[in-house]
1. Might you report the magnitude of the Cβ-based charge dipole of the chain about its Cα centre, with Lys and Arg at +1 and Asp and Glu at -1, to the nearest 20 debye?
2. For the chain, take the convex hull of the Cα atoms, compute a quarter of its surface area, and give me that in nm², please.
3. Taking 7 Å along the Cα-to-C-beta vector as the label spot, tell me the R13-A54 distance in nanometres, rounded to one decimal.
Amino acid sequence: MDQTTTHPDRLLRLSEVMRIVPLTRASIYRAIRAGRFPRPTKLLGGRASAWSSAEIAAWVAARLAARGGDR
């Protein structure tokens, strides 16, 4: 199935990511360095960064699935 028709992907700036994922800027970049958070896409020759909304949604879904029955 075509992802663009079912769940349009868009680019999120850090402030938007932080509203979705309750982590600080420092925690997000620390998790990126550790390979535990999606890497941003560099925009405008590397002067700006943005994250794929689909990758962030998948990361959140994986965290929720990983907790299993820990409710």
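1. Numbers: 13 positive and 5 negative charges, 87 e Å.
Roughly 420 debye for the chain.
2. Details: hull surface 25.2 nm².
Over every viewing direction, the Cα hull of the chain projects on average to 6.3 nm².
3. Each label point is offset 7 Å from its Cα along the Cβ direction, giving 2.4 nm.
Taken together, the values in this text are just the output of simple stated rules run on the coordinates, not laboratory data. Remember, it's a predicted structure, so these values are computed and weren't measured experimentally. Heads up, the Cβs are rebuilt from the backbone with ideal geometry, glycines too, and the neighbour counts pull from every protein chain shown.
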